[in-house]
Structures are given as structure tokens and as C-alpha cells.
1. Treating the angle as unsigned and between 0 and 90°, give the value, to the nearest 10°, between the Cα long axis of helix 46-70 and the longest Cα principal axis of the chain.
2. Only Cα pairs within less than 10 Å get springs; with that Gaussian network setup on the chain, which residue of Ala49, Ala110, Ala142 has the largest fluctuation?
3. May I ask you to derive the FRET efficiency for Val53 and Val138 from their Cβ-Cβ distance with R0 = 41 Å, giving the value to the nearest 0.05?
4. Using modelled backbone amide H atoms (1.01 Å from N, in-plane), which distant-in-sequence or interchain residues come within less than 5 Å of Lys116's amide H?
5. Can you give the convex hull volume of the alpha carbon atoms of the range 89-152 per residue, in Å³?
6. Report the calculated FRET efficiency for Lys89 and Gln38 (r = Cβ-Cβ distance, R0 = 41 Å), to the nearest 0.05.
7. Take the Cα gyration tensor of the range 5-74, multiply each eigenvalue by 5, square-root it, and list the three semi-axes largest first, rounded to whole angstrom.
8. Any idea what Rg and Dmax come out to for the chain if you just take the C-alpha atoms, in Å?
Amino acid sequence: MSHKNLLTQEGYDSLVEQLNELKNRQEHLITQIEEVAQPDESGEDGLVAQLKVELEVVDEKINNLETALEDASIISGECKRDQVEIGCKVKIKVSGNLTKEFNIVSHLEADPNANKISDQSPLGVALIGKKINDEVEVSAPAGKITYKIVSIC
């Protein structure tokens, strides 16, 4: 059974953009290696070796992104609002005081700095399938933290 990578349209577009940037970088690195490499030299100079290592890293990232996109399924931007799922914006109260808002996204588009948390993160796992006013408890280094769902949109 194939596990689909559920992505928002924004996340899908971002991954396609990253893939295109990596392919451009790949072409640039190949050109640099061809320009710098001297066919008559017996040893490889340090710059060529460094470029080849960077090319290997870029090739691996390209392969990973292509695989992820091949298995991608774009979710509708509409959240049912009756329970938390990928694509929802969830407002929660942390331990009864502080209110925070998160977008629940797939692991491929998670960005904690932009309040996009993965459905596979401890908080994401705890929130998926829950409803407004449900409370979830998540273990953290500082101990267990209780979250209450205030709204889903």
C-alpha cells in the first residue's frame, strides 16, 4: 500500500520550486566541473573534488524531492472545521493561558518558524482527529503540556 504525501497546494508549489532550483544548481555544478577539470592531469584537484561532493548532495536532494512529489496528493484548502486534519489552522490554548495558532501540514512542508507543524510531530499527532474544546496532552522536555483546541479553520 502506497502512503500518499498529503500536501497543501502552497506546499506542493514550494517543493516544485525547490526542485527547479536544485536542478538549476545541478546544471551549474556540472558546467563548473567540466570547466575546472583538466583531462590531462593525473590527480584531481581539490576544487573538482569539492564540486563533485556538492553535486552528489544536490543529486540526492533532487531524487528525494522527485520521489516525494510522485507520491503527492494535494489536499483541498478547505478544512471541515469539525475536526483537526492536515490543512487546518488550529488555535489552541497552552496550559490554559497562552493562545497559539498553528497550521497542520505534512512533514514535507513543516516550518515551525512559520507556525506550520507536521502531522507527524508530537503535537500534530495529538491534534489530528480532535475537535473544538478537546484537550490533548503532549510530553515535552519540561514535562507534560496540556493544549485545548479553541478553534479549527
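1. That works out to roughly 40 degrees.
2. Taking springs between Cα atoms under 10 Å, the residue moving most is Ala142.
3. Calculated value: 0.55.
4. Asn103, Asp111
5. Residue-normalised Cα hull volume stands at 81 Å³.
6. Working from the Cβ atoms, E equals 0.15.
7. 33, 10, 7
8. For the chain, the Cα-based Rg and Dmax read 21.6, 72 Å.
Values in this text are rule-based calculations from the coordinates and carry no lab data. Predicted model, so just to flag it, every value in this text is computed and none were measured. Cβ: placed from backbone, ideal geometry, glycine included. Neighbour counts: every protein chain shown.
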